[in-house]
Amino acid sequence: MSHVRDMSLADYGRMKIEWVRDFMPALVAIRERFEREKPFAGKKITISIHMEAKTAFLALCLAAGGAEVHATGCNPLSTQDDVAAGLASMGVETYAMHGVSSEEYKELLVEALSCHPDLIIDDGGDLLDLLSGEYAHLGDHIIGGAEETTTGIHRLHARAKAGVLPFPMMNVNDAKCKHYYDNKYGTGQSVWDSIMHTTNLLVAGKSVVVAGYGYCGRGVAMRAKGMGANVIVTEIDPIKALEASMDGCRVMPMDEAAPQGDIFVTTTGCRDVITRRHFEVMKHNAFLSNAGHFNVEVNAEELEKMAVRVFKRRNDIVGYELPDGRVLNLLAEGRLVNLASGNGHPAEIMDTSFSVQALALEYMLKHGAELSKEVYEVPREIDETVSLLKLQGAGFTIDHLTPEQEAYLSDWRV
């Protein structure tokens, strides 16, 4: 039975789900095929992804394919209670509430797994953590699953290397149709949409420090530059650092960037990217935000210990007054700023990511029994299928090689 905050919110939640559906043509096309073929008939699927409208439509797509879907969130602050209620009212068992404690969040995850699923979709690895520990018995029917985000992929590879991955998992995060568009264009837009909405302040003319220059960091930096910011990038990878410099960003260690930044955005997937020694030299009224998965990139515990006063400044902004009178502003408790204080990625972006998720799960259903307990890359044909569906939905067509061109490219003698 669903466990949501307030079912009276269901009407507005359904409205939000129906809105995004109109901007997700690839997933609509996949849903139509799933409705005809019922590939998941008789199977149970548990998904743990940020509980908002695009996720809800993915859940409905899987349900249309015949699955019994159990949906929960992957971050207490990214759950939208109206969407959770709307999804529950549309026949998907839903276990998600905004703003719950860590213990309550874990209980919701366990509820979602209590169906003993055949397949899972994870975002950050919370389901897998439970299924690898005290709740391993809930995974006794699992064929395999798919992982959505960079942090979760790091954990999957670590488990596989240690020989403790309990079942095969698909690396959806590194599919081209995911990280090319979702991480770069989705994160780039949604982070700034959230920061600007939350602060109601200008970006132009400010110094923006982006920690990490993977696809997420590139997107955040690109949009900041487009709005007139002076962008500084911090990196540990010399190749990415060089790329950032050629993209017009200044590159330096965080120790040097800390006193210069007005707005900080972490995108590394690692912990302790911004810590006490950085807080000690930051400007008065600097803004700290995180666009990585977990709230460990900005060390809020150290910041709180340093503060003589902690106070709410606006919705989703907490001020930390330091002994010398400076105030540092933490957005969304250091959680994913684009979801904890925003609406997440645009629907058109999640259309590609969730289309890959749906097809990757179908692939896992068909082939999981043959696979070892390892991490697998998304097959190229899934990326190509999703790209073509997306192009068709936008009214675009592309060229194709002629037989003569194929022969030219494949024969070294010509």
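Heavy-atom accessible surface of residue 203, to the nearest 10 Å², is about 10 Å², with a 1.4 Å probe and all protein chains retained.
Along the stretch 249-259 the Karplus relation, 6.51 cos²θ - 1.76 cosθ + 1.60 evaluated at θ = phi - 60°, assigns HN-Hα couplings of 9, 7, 10, 6, x, 4, 4, 7, 6, 3, x Hz to successive residues, with x for each Gly and Pro.
Legend: residues 412, 19, sorted from most to least accessible area (1.4 Å probe; ligands, DNA and RNA excluded), read 412, 19. Residue ranking by accessible heavy-atom surface, 1.4 Å probe, largest first, among 206, 366 comes out as 366, 206. Shape index of the stretch 252-325: Rg/Rh, with Rg the Cα radius of gyration and Rh the Kirkwood radius from the inverse mean 1/r over Cα pairs, equals 0.93.
Provide, for q = 0.22 Å⁻¹, the log10 of I(q)/I(0) from a solvent-free Debye sum over equal Cα point scatterers in the stretch 1-42. Values returned for q = 0.22 Å⁻¹ are -0.85. The DSSP beta bridges internal to the stretch 238-336 are antiparallel in roughly 55% of cases. Looking at the stretch 373-413, the trypsin sites (Lys or Arg not before Pro) that sit in a DSSP loop and have at most 16 other Cβ atoms within 10 Å of their own Cβ are 373, 413.
If you take all other residues with their beta carbon under 12 Å from the beta carbon of residue 12, and give Lys and Arg +1 and Asp and Glu -1, the sum is -3.
Cα centroid separation, the stretch 129-176 to the stretch 330-359: 21 Å. Database remark: amide H of residue 264 closer than 5 angstrom to the amide H of 209, 287, 288, 289 (H placed geometrically; neighbours at sequence offset of 5 or more, or on other chains; Pro and chain starts carry no H).
P(r) tail, the stretch 159-308: Cα-Cα pairs separated by more than 29 Å, 18% of all pairs. Between the helical axis of 102-113 and the dominant principal axis of the chain, each derived from Cα atoms, what acute angle in degrees is found, rounded to the nearest 10? Result, in degrees: 10. When 202, 365 are compared by accessible surface with a 1.4 Å probe, the order from highest to lowest is 202, 365. Couplings 3J(HN,Hα) of the stretch 52-61, computed from phi: 9, 4, 5, 4, 4, 5, 4, 4, 5, 5 Hz, in residue order, whole Hz [Karplus 6.51 cos²θ - 1.76 cosθ + 1.60, θ = phi - 60°; x for Gly and Pro]. Of the residues 165, 401, 288, the one that moves most in a GNM of the chain with alpha-carbon contacts below 10 Å is 401. Kirkwood hydrodynamic radius of the chain, from the reciprocal of the average inverse Cα-Cα distance over all distinct pairs: 22.2 Å. Relative to the 2.2 N^0.38 Å rule of thumb, the stretch 142-241 has a C-alpha radius of gyration ratio of 1.31.
Rolling a 1.4 Å probe over the protein heavy atoms leaves residue 277 with an accessible area of roughly 140 Å².
Taking the alpha carbon gyration tensor of the stretch 294-414, multiplying each eigenvalue by 5 and rooting it gives semi-axes of 49, 20, 16 Å, largest first. Annotation: amide H-H contacts under 5 Å for residue 251 (H modelled 1.01 Å from N, sequence separation of 5 or more, or interchain): 233.
Within the straight-line cut-off of under 21 Å between alpha carbons, the lysines reachable from residue 312 are 283, sequence neighbours fewer than 8 places apart in one chain being disregarded. Between the alpha-carbon centres of the stretch 362-414 and the stretch 222-295 there is a gap of 36 Å.
Note on the chain: GNM, Cα springs under 10 Å; of 80, 392, 357, the largest mean-square fluctuation is that of 392. Think of a 1.4 Å ball rolled over the protein heavy atoms: the chain then has 44 Å² of accessible area per residue. Each residue was assigned an accessible area with a 1.4 Å probe, and for residue 21 the value is about 100 Å². For the stretch 312-370, the Stokes-Einstein estimate of translational diffusion at 25 °C and a viscosity of 0.890 mPa s comes to 165 µm²/s, using the Kirkwood hydrodynamic radius over alpha-carbon pairs. Note on residue 176: lysines with a C-alpha under 16 Å away, same-chain residues under 8 apart excluded, are 184, 390. Less than 5 angstrom separates the built amide H of residue 44 from those of 68, 118, 119, all sequence-distant by 5 or more or on a different chain. Within the shell defined by Cβ-Cβ distances under 13 Å, the residues around residue 148 carry a net charge of -3, with Lys and Arg each +1 and Asp and Glu each -1.
For the Cα trace of the stretch 66-213, dividing Rg by the Kirkwood Rh returns an Rg/Rh value of 1.01.
In the chain, the DSSP beta bridges split such that about 20 percent are antiparallel, to the nearest 5.
The values are calculated or read from the model by the stated rules, or taken from the named source; none is laboratory data. Not measured: the values here are computed from a predicted model. FYI the Cβ positions are ideal-geometry reconstructions off the backbone, even for glycines, and counts take in every protein chain you see. With ligands, DNA and RNA removed, areas are computed over all heavy atoms of the protein, side chains included. Shrake-Rupley method; radii C 1.70, N 1.55, O 1.52, S 1.80 Å.
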